[in-house]
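Shown next, in structure tokens, is the structure this report addresses.
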Amino acid sequence: MNKVYDVVIVGAGVAGAMIAKQLGLAGKKVLILESGAGLPPNINDFMQRFFNASAKVPESPYTPALFNDQGALNDPTQLNAPRPSVLMTGKGSWQDPKQSYLIQKGPLPFSSSYERVAGGTMRHWLGTSLRFLPNDFHMKEAYGLDDWPNWPITYDELEPWYGQAETEIGISADVEDQTYLGLTFPDGYNYPMPSIPLSMVDEAIRAAVDGQLIDDSSNPAKVTSTPAGRNSRPYQDRRVCAGNTNCIPICPIQAKYDPSITLNHALNTGNVDLWPQTVATEVLIDSETGRVTEIKYAQYETVDGPQTGAGSLTAKVFVIAAHAIETPKLLLRSNKQISEGIANRSSGQVGLNLMDHPIYLAWALMPESKPVYPYRGPLSTAGIESSRDGAFRSKRAAYRVEIGNEGWNFPIGDPDTTTIDFINGINSSGLNTDKKALYGKDLVNALNSNLIRQFRLGFLVEQSPEASNFVTLSEKYTDHLGLQRPEIHYNLSEYTRQGFVAAQQAAEKIFSLLGAKSFTAAVAADDSKAFEAGGTRFKFFGAGHIVGTYRMGSDPAKSVVDKFQRSWDHKNLFLVGSGVFPTVTTANPTLTITALALWAADTIKKDLA
Amino acid sequence: MDDKNHPNPLTRRQFLVLSLGAAAAAAVPAHLTGAAPTPMAKAAASAAELESFVQLSALLTGIAAEKLAPAVDPVNIKQVYFDLARKESGDTFQQLLSIFDQNQGKPPDEIAEIILTQSGAAVGNLARTLMLVWYLGSWYAPRDPPQYSNFPSSTVVSPDAYTQGWVWRVAQAHPMGFSPLIFGYWGQTPPPLSDFIVPGDQS
């Protein structure tokens, strides 16, 4: 017989883990269903897989393996819990259902990936833990963007939950650094740990750009240490950061928080169970009361083996915490009883408004006299937040600037590409213009001189919410369990594209203030991620910030959940995670996901009291 | 270790490997060691070839031989690369070592020129593959350079090979995902390049 649970949670990522822990501490019986692998005893297997991966992409340490024995991408049709990879977004793969799990209808590829494994996508997060700005919550009033939805909450309402989230994750930051563009903190508030020291890259940029106007925002630029879920002191029995420069895909010493920490805390309450390799397949409702009665599931034992089990679970409250693509997939396929899909009758908004932070990437080389010694420290330790808000937001997308400490690793796959260039006498990097094939001391000196001067900037552009960017179910393609795969329709609006135009100008301004030479490559004619704006061809990258698709709001006709993340249609169903964000805003989503999850846990606790 | 700033001190795991290796050697019965002259002669020839390989590698990579193959060498990556080159490119590898041996007395630049440009494409391409494996820990099948694109296909030889990659030291850094350094080091200028690639005093 099944144990009786108070709450069933779908998804063992950060949102599910946070809710499970809080409910477990309150004595509630909780079951978490995880579609992928469960919690390993340690991260050794992840590390070995990472070390052995030729393409050390964000997904490389995790399961299922990206490649088969022949070196081709595994066919998602053959996997029980497939997930996207950045390797599936290139020109040859993004629209090939044998390579890409997501069925991409374009016109542009949705370029972010996620994990289906206990710990979720935060297994490979960077650690950035910025708060959203007060204006982020009401863009319509602040900037006259009539088509934009307001958040049903204000910064002030969310503020206490931010504080709790910062404690749960363990954030290193200084309040003084973070008090900008309207951000406020309670008197005497301190982050759990002091801020992470700036890198030499950060210091060089700070010296050159602080106080300068870098774009059409009226705020002078300011380089600040980025709040990070990364230990600057021992915290939660975890070590201090040793600067492995590997936050994505994996911190080898878990100095960076990941949700396995919270999952273990949750399991240790004795009230929480976690079922791995258990895929939720259908949500059933009572047609009279509208309450969710059961969640059905399918189980498997090996990543590409046969289905080994199935069943149905009852509970008082159900939580779907499977983020902005798998959550609508589950809701839309649970439509045998309701043609619109679960939680979708009032608004019809389930699956719509998919967003990301499309990234404008710019890279440059410092002058010979000013090396900055990258490939050291956390992947990013600082950013420029001063361009996140301003009157310009009525006309173009805002952005934050992330300063990278990993040289040109993100843009061109360095140090490998430059090494191959100077050994083979080719010029993929742009650094070997004479196409010299070097050896011995000349090789050492050429590599050293170039590598110690590299840096890159990532502009995380706020993508506008558009109903035409959406997730639905593929009519044709399924995974190995026979479940329909997500079909994605995706583009960048003119508003968003204008953010790229401003970002490019800001990058040029920063490079010129530094005396650095830009090596930002021209976009190839056939690049899948290319688009035009202001007469220029751009390329964007995904940020892994998968947002929207079950937005929160104050009007049941226009939103899927209320401010407590409760479904308007089904009172005992909570939908949590970044899918509830009405807008993607100008900061990385994790801290806000966590704050909102803690708020939802509090509401659920009250419901169960 | 040769230097307190050495970026790659022995890890606990490497010590374990070292001591296990010693234990395994000690366990070989005495009557099996030294009883057969042919294997011994082979071993001596092989050791000489390995030494040639290290010297050749030092010439091509610009990294001191004592750094490529330190006196205390628990990882012993030189042997891994030597065996791999022999397995993947047997005849050409033998040819490459012979060319190197035959030209030992010449100035280094002349030897490099002979290997990289005057001994045929197969030898030159293999030499570049060996440079790449020392630098990146990945095996790039030998082929003519223009065929390389941004991300030519390659295979990571092993986790140890990745973490032993010399490009990270040449960048005065550490392999991504393998930092032996301490909190906050990234705000300080690293030790000079020579500390990473030239043997220090052994005190």
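The values are calculated or read from the model by the stated rules, or taken from the named source; none is laboratory data. Since this is a predicted model, take the numbers as computed values, not measurements. Positions of Cβ are generated from backbone atoms using ideal geometry, with glycine treated the same way; all protein chains shown enter the neighbour counts. For accessibility, only protein heavy atoms count, side chains too; no ligands or nucleic acids. Shrake-Rupley method; radii C 1.70, N 1.55, O 1.52, S 1.80 Å.
Of A:R345, A:R497, the residue with the largest accessible area leads and the full order is A:R345, A:R497 (1.4 Å probe).
Coupling constants for the range A:207-219 follow from the phi torsions by the Karplus curve (6.51 cos²θ - 1.76 cosθ + 1.60, θ = phi - 60°), and in residue order they are 4, 8, 10, 4, x, 8, 8, 9, 7, 7, 7, 8, 8 Hz; glycine and proline get x. Taking θ as phi - 60° and the Karplus parameters 6.51, -1.76 and 1.60, the scalar couplings of the range A:378-394 work out to x, 3, 9, 10, 8, x, 10, 9, 5, 9, 7, 8, x, 4, 4, 5, 6 Hz in sequence order, x denoting glycine and proline. Note that the range A:419-427 has calculated 3J(HN,Hα) couplings of 4, 4, 4, 6, 7, 9, x, 10, 9 Hz, one per residue in order, obtained from phi through the Karplus relation 6.51 cos²θ - 1.76 cosθ + 1.60 (θ = phi - 60°); glycine and proline are x. Projecting the Cα atoms of A:N44, B:I63, A:G229 onto the charge dipole of the protein assembly as shown (Cβ charges, centred on the Cα centre) puts A:N44 farthest toward the positive pole.
Based on Cα contacts under 8 Å between residues 6+ apart, chain A shows a relative contact order of 22 percent.
What whole-number value in Å² describes the accessible area per residue of the range A:1-122 for a 1.4 Å probe?
34
With every protein chain kept in the model, how would you rank A:T167, A:T77, A:T281 by accessible area, 1.4 Å probe, largest at the top?
The residues order as A:T167, A:T77, A:T281, largest area first.
Restriction of the chymotrypsin sites (Phe, Trp or Tyr not before Pro) in the range A:243-317 to DSSP coil positions whose beta-carbon has at most 10 other beta-carbons within 10 angstrom yields no sites. Here the alpha carbons of the range A:284-386 define both size measures, Rg and Dmax, at 23.3, 74 Å. I'd like the residues of the range A:51-66 whose 1.4 Å-probe accessible area shrinks by no less than 30 Å² going from the isolated chain to the full set of protein chains. Hits at the 30 Å² cut-off: A:F51, A:N52, A:S54, A:K56.
Ordering A:S369, A:S195, A:S567 by accessible surface, largest first, gives A:S369, A:S195, A:S567; the 1.4 Å probe counts only protein heavy atoms, with every chain in place.
Projecting the Cα atoms of A:A17, A:L598, A:L608 onto the dipole axis of the protein assembly as shown, where Lys and Arg carry +1 and Asp and Glu carry -1 at the beta carbon, places A:L608 farthest toward the positive end. Extending 7 Å from the Cα toward the beta-carbon at both A:L25 and B:D91 defines two label points whose distance is 7.0 nm.
At a probe radius of 1.4 angstrom, the accessible area of the range A:335-489 per residue rounds to 28 square angstrom.
Given R0 = 45 Å, the distance between the Cβ atoms of A:D174 and A:D304 translates into a calculated FRET efficiency of 0.40. By accessible area, using a 1.4 Å probe on protein heavy atoms only, chain A has 48% of its surface on carbon and sulfur. The calculated Kirkwood hydrodynamic radius for the range A:442-574 is 19.2 Å, given to one decimal from all distinct C-alpha pairs.
Dipole size of chain A about its Cα centre, with +1 on Lys/Arg Cβ and -1 on Asp/Glu Cβ: approximately 460 debye, rounded to the nearest 20.
Per residue of A:441-451, other chain Cβ atoms within 10 Å of the residue Cβ number 5 on average.
Separation of the range A:211-263 from the range A:300-320 is 35 Å, based on Cα centroids.
In this assembly, the A-B interface accounts for approximately 4200 Å² of buried accessible surface in total, computed with a 1.4 Å probe and without ligands, DNA or RNA.
Solvent-accessible surface of the range A:129-275, averaged per residue with a 1.4 angstrom probe and all protein chains in place: 37 square angstrom. A 1.4 Å probe, protein heavy atoms only, puts the accessible area of A:K91 near 140 Å². Peptides A:525-533, B:54-62 ranked from most to least packed by the mean count of surrounding Cβ atoms within 10 Å: B:54-62, A:525-533.
Once divided by 2.2 N^0.38 Å, the Cα radius of gyration of the protein assembly as shown becomes 0.99. Distance between the C-alpha centres of the range A:554-609 and the range A:491-552: 30 Å, rounded to the whole angstrom.
Taking Cα atoms only, the orientation of helix A:494-514 departs from the longest principal axis of chain A by about 40 degrees. At a cut-off of 50 Å², which residues of the range A:208-247 become less accessible once all protein chains are present than in their chain alone, using a 1.4 Å probe? Residues passing the criterion (a loss of at least 50 Å², heavy atoms only) are A:A242, A:N244.
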